[in-house]
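Only one structure is covered here, and it is reproduced in the block below.
The values are calculated or read from the model by the stated rules, or taken from the named source; none is laboratory data. Since we're looking at a predicted model, the values are computed, not measured. A quick note on method: Cβ atoms are made from the backbone with ideal geometry, for glycine too, and the neighbour counts reach across all protein chains shown. Accessible surface areas use protein heavy atoms only, side chains included; no ligands, DNA or RNA. Shrake-Rupley method; radii C 1.70, N 1.55, O 1.52, S 1.80 Å.
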Amino acid sequence: MKKLFFLIASLTLGVAVFAQPGEAAPDSSWKKIFRGSSTIINDLVHTKLEVKFDYPKARMYGKAWITLQPHFYPTDSLQLDAKGMEIREVSLVKGTSKKALKYQYDNRLMRIQLDKTYKGGEKYMVYIDYISKPNELEVTGSNAITDAKGLYFINPDGKDPKKPVQIWTQGETEATSAWCPTIDRPNQKTTQEMYITVPAKYVTLSNGLMLSQRKNTDGTRTDYWKMDLPHAPYLFFMGVGDFSVVKDTYKGKEVSYYVEKEYEKVARRIFGNTPEMMQFFSAKLGVDYPWQKYAQIVGRDYVSGAMENTTATLHQESAYQNARELTDGNRWEETIAHELFHQWFGDLVTTESWSNLTVNESFANYSEYLWLEYKKGKDAADEHHYQDMQGYMMQPGNDKKDLVRYHYASQEDMFDGVSYNKGGRILNMLRNYVGDDAFYKSLNHYLNARKFKTGEAAQLRLSFEEITGQDLNWFFNQWYYGSGHPKIKIDYAFDDAAGMVKVIIEQTQKTDKVFKLPVAIDIYQGATKQRHKVWIENKSDTFSFAYSKRPDLVNVDADKVLLCEKTDNKTAEQFVHQMKHAPLYLDRREALEFFNKKGMQELSLGLQDKYPGLRRMAIDRLGKSKFAKEAAVVESIENIARTDKDRKTKAAALRFLAKTGDAKYESLYRQFISDSSYSVAGASLEGLEKLAPESAYELAKKYSSDAKGPLGEAVNRIIIGKGLESDFDFIAGRFDEEPLSQEKLTSVNQFGSYLAKINDLAKVKKGIDAILKFRNAIPEQYREYTDPMFKTSLDKLGKAKGSEIATYIEQQFK
Ligand SMILES: [Zn+2]
């Protein structure tokens, strides 16, 4: 799973999440609970489902035939998860006859008394007739079910004309049991058949292959989906709606993209690299894509990022991008890789418990790096690596958490910057340490040893040990079963008389922990370098290297893989040498950051960098530096604005020029304001805003019908900034139409500020309604993170407009 919404929301609002003074101390009783894997009493073997839907009531009628067997010890009872269901019948199936079984049900668990004691491996089948009521799940004391409906009806009564009618499911972590009675644990696997009855105008998607379709006399159709390879219940999926299905293939298997009609034409530009990804990952892992087909579907109002349901990945609406957005690059590419890689790490081999989530999520996270490295080059991958490392560092508390964690308050807490970002960086270090061939061979060993079963970090270690012949307890104890990361200070002492350089590396983290870190040190004479491999393993280590001529640069962690915070006391000359001769993205980035910090002219070297991300960074830093007005700098950036092939870099250059307020660029802005890239058009509109505000306002209105991303932001800012009451319908309409997204979250404050400026209180109330409609569309489990932001914006508005509005907000915001 990729929890974009949650991750970013908690990052931006991180501070607000923590307890305020005066609040009750949080419940810490979970610290005493060991969260191992669930004891297996009965094994799921096969699950057959027949379902049909009551759209107006948002209910599902289900019949389940579940085949099970005692795992080892004999048992006469069966416990099934079934959340908030109305149970109509529970019986044992023997051939063609059924026999009623006694059971107890507390709205969450069914305790079923079997007809006799079954021996280990002795199969039996239970039949359950039930109704799922996901919108009526009740909160009852300790049985609170607030976080997971499992089954989502989108616009089921069709009353929202702007939204299609859809159904989709979300199983992870343990929500499949809201629509299918099962043993809802990741250490269960079952084959599966689904008969899904829907209005004939809709298409369906589920796991495995659709083997047949039957038209019914009542205007419905029943699709029969079969999954004949075992997988975990949280990976079950159903999707129903009016989708166009765009088809590709990989080695004769269907690869398909389920999108709304509007996106049919661009579906391949969004998802079309999927077959190549399947080829790439299959080849690297030495395990061919293991399932029958691979489909991807985009669901409305899905606020998690994406979910790797076996053979049927669900994406949120941010996946949708039109042709103009794609001009700036496919923002969903990494997520597509992430979910696909889960089909091996997560679906084929599944974490045995949420405590070991790393064997799912760290791999999926790292696959983003692997795909970027292969498809867009090492600089792009290393930039992603750097951003992910920052993401881990920025979330408070991450440094206190082990990667494999047997104590947590809720299993949802495992989906954090440690299991994802840090875990991905740890795999990058492991790969660097054992080497590429051993890394992939070990992954191959793990997948083959554990396929269609579960995995935990210990089994991963055993596979790496088996392949490399090395004991890797030190690595796993440090990174998987330990927390934190090293803080490293590097100093250099050159002694020309002795012909010797000493490299002194200190670990300055405040904990007692000392990390063991194998690193490469490159010693440069001009462009040539000599590599030395060393182990950092003490609080302070000194490494000495002889030289005949003083080296131009000593580059510690030359592969730039260490997960650490670093103070590197190189001289300015050494960083200049690093910028010019060291090969990696992070080599150059570190040098540019140094030049920026020290106010050095060499910051402009970044403008010529081969990697667009670093050119953009240099433009951005220069814009805030004392060199911003220097003729040579401005000329170089003007040249980038006119000629750079990378649209986002071109846009950054235009934004730089916009800040100069120089009227000579007006024609340049007018030339690029109709560029197909929203970034370039948006930056041009910004430039014009300063020089010709009236004209910019008119153009903002003109272009508003097709304005997303940076152009949309510029349009909103200009029109809202003008603050005309007569623009209310236009502004409120744009806000309302924006899909549920991180961007929309950040636009709430802007919209609130506009409302504060207008006089018609009826309109202000309409605006508040639109804000709260958005807030209420965010599922409850995310509101802990998002509500403080709504509250701040609305309080400000209430204060600005007086008691009538303040009271209105108080009444509506619950
Ligand atoms: Zn994931």
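For the range 174-197, which positions are over 20 Å from Asn42 (Cβ atoms) and among the polar types (S, T, N, Q)? The one that is over 20 Å from Asn42 (Cβ atoms) and among the polar types (S, T, N, Q): Thr197. Contact map, the range 292-314: residues that are farther than 19 Å from Met278 by Cα paired with residues that are part of a strand (DSSP E or B) and among the β-branched types (Val, Ile, Thr), Cβ distance under 7 Å, separation 6+ or inter-chain. Pairs shown: Val298/Val259; Arg300/Ile154; Asp301/Ile154. Residues in the range 773-814 that are in contact (Cβ under 8 Å) with a residue 60 or more places away in the chain and in a helix (DSSP H, G or I): how many? Residues in the range 773-814 being in contact (Cβ under 8 Å) with a residue 60 or more places away in the chain and in a helix (DSSP H, G or I): 9 in total. Select from the range 153-174 the residues that are modelled with pLDDT under 95, surrounded by 13 or more Cβ atoms within 10 Å (Cβ to Cβ) and closer than 15 Å to Ala777 by Cα and list them in ascending order. Selection gives Lys163 alone.
Residues that are out of contact with any strand residue (DSSP E or B) (no Cβ under 6 Å at 6 or more places or on another chain) and among the charged types (D, E, K, R) were ranked within the range 34-62; the one that is farthest from Thr169 (Cα to Cα) is Arg35. Checked against the criterion of being out of contact with any Cys (no Cβ under 9 Å at 6 or more places or on another chain), closer than 25 Å to Tyr785 by Cβ, away from the ligand (no atom under 16 Å from the Cβ) and not basic (Lys, Arg), the range 410-423 contains one or more residues that satisfy it.
Might you check whether a residue that is at pLDDT 95 or above, in a strand (DSSP E or B) and more than 23 Å from Arg431 (Cα to Cα) occurs anywhere in the range 588-605? Steps first, please.
Keep residues of the range 588-605 that are at pLDDT 95 or above, which gives 588-605.
This time we only want the ones that are in a strand (DSSP E or B), so: none.
Within the range 588-605 (the criterion being at pLDDT 95 or above, in a strand (DSSP E or B) and more than 23 Å from Arg431 (Cα to Cα)), the answer is no, since none of the residues qualifies.
Screening Ala651, Ala632, Ala663 for residues that are touching a Ser or Thr at 6+ places or on another chain (Cβ under 9 Å), among the small types (Gly, Ala, Ser) and free of Cβ contacts under 8 Å to residues at least 40 places away in the same chain leaves exactly one candidate, Ala632.
Remark: pairs (first residue in the range 223-239, over 21 Å from Asn187 (Cα atoms); second residue aromatic (Phe, Trp, Tyr); Cβ separation under 6 Å; 6+ apart in sequence or on different chains) = Tyr224/Tyr195; Gly239/Trp168. Among the residues making up the range 629-654, those that are in contact with a Gly (Cβ under 8 Å, 6 or more places away or on another chain) and crowded, with 23+ Cβ neighbours inside 10 Å are Ala651, Leu654.
Among the residues of the range 423-433, is any within 28 Å of Pro26 (Cβ to Cβ) and of a type outside the set (A, V, I, L, M, F, W, C)?
Going through the range 423-433, the residues within 28 Å of Pro26 (Cβ to Cβ) turn out to be 423.
So of that shortlist, the ones also of a type outside the set (A, V, I, L, M, F, W, C) come out as 423.
Yes: one or more hits.
Taken over the range 320-344, residues that are open to solvent by 10 Å² or more (accessible area, probe 1.4 Å) and of a type in the set (S, T, N, Q) amount to 3. The residue pairs whose first member lies in the range 557-577 and is touching a residue at least 40 places away in the same chain (Cβ under 8 Å), whose second member is outside any loop (DSSP other than H, G, I, E, B) and basic (Lys, Arg), and whose beta carbons are closer than 7 Å, counting only pairs six or more residues apart or on different chains, are Leu563/Lys422; Leu563/Arg425; Cys564/Lys487; Glu565/Lys487; Thr567/Lys489.
Go over the candidates Glu383, Glu317 one by one and state the one that is touching a Lys or Arg at 6+ places or on another chain (Cβ under 7 Å), away from the ligand (no atom under 14 Å from the Cβ) and open to solvent by 20 Å² or more (accessible area, probe 1.4 Å).
Values: Glu383 fails: touching a Lys or Arg at 6+ places or on another chain (Cβ under 7 Å).
The match here is Glu317.
Counting just the residues of the range 301-314 that are at pLDDT below 95 and more than 11 Å from the ligand (Cβ to nearest atom), which one comes out surrounded by the most Cβ atoms within 10 Å (Cβ to Cβ)? Steps first, answer last, please.
Let us first name the residues in the range 301-314 that are at pLDDT below 95, namely 301-305.
Filter once more, keeping what is more than 11 Å from the ligand (Cβ to nearest atom): 301-303.
Details: Asp301: 17, Tyr302: 24, Val303: 22.
Per the criteria, the residue is Tyr302.
Any residue that is open to solvent by 40 Å² or more (accessible area, probe 1.4 Å), touching a helix residue (DSSP H, G or I) at 6+ places or on another chain (Cβ under 9 Å) and at pLDDT below 95 - is there at least one of those in the range 108-125? Within the range 108-125, one or more residues are open to solvent by 40 Å² or more (accessible area, probe 1.4 Å), touching a helix residue (DSSP H, G or I) at 6+ places or on another chain (Cβ under 9 Å) and at pLDDT below 95. Condition check for Tyr440 on (1) surrounded by 19 or more Cβ atoms within 10 Å (Cβ to Cβ); (2) farther than 22 Å from Gln781 by Cα: one failure, at (1). Is it the case that Tyr420 is within 26 Å of Ser37 (Cα to Cα) and in a helix (DSSP H, G or I)? For Tyr420, the condition - within 26 Å of Ser37 (Cα to Cα) and in a helix (DSSP H, G or I) - is met. You will find that of Ala762, Ala800, Ala700, the residue that is over 32 Å from the mean Cα position of the chain (by Cα) and open to solvent by less than 50 Å² (accessible area, probe 1.4 Å) is Ala700 and no other.
A count restricted to the range 635-645 and to residues that are touching a residue at least 12 places away in the same chain (Cβ under 8 Å) and either in contact with an Asp or Glu (Cβ under 8 Å, 6 or more places away or on another chain) or over 22 Å from Leu688 (Cβ atoms) (or both) stands at 1. On the given criteria, is Gly687 within 25 Å of Gly661 (Cα to Cα), open to solvent by less than 20 Å² (accessible area, probe 1.4 Å) and modelled with pLDDT of 95 or more? Spelling it out, Gly687 is indeed within 25 Å of Gly661 (Cα to Cα), open to solvent by less than 20 Å² (accessible area, probe 1.4 Å) and modelled with pLDDT of 95 or more. Is it true that some residue in the range 456-466 is farther than 30 Å from Phe281 by Cα, open to solvent by less than 60 Å² (accessible area, probe 1.4 Å) and among the hydroxyl-bearing types (Ser, Thr, Tyr)? Scanning the range 456-466 turns up no residue that is farther than 30 Å from Phe281 by Cα, open to solvent by less than 60 Å² (accessible area, probe 1.4 Å) and among the hydroxyl-bearing types (Ser, Thr, Tyr). The combined condition, being of a type in the set (Gly, Ala, Ser), surrounded by fewer than 22 Cβ atoms within 10 Å (Cβ to Cβ), more than 16 Å from the ligand (Cβ to nearest atom) and over 18 Å from Asp399 (Cβ atoms), is not fulfilled by Gly484.
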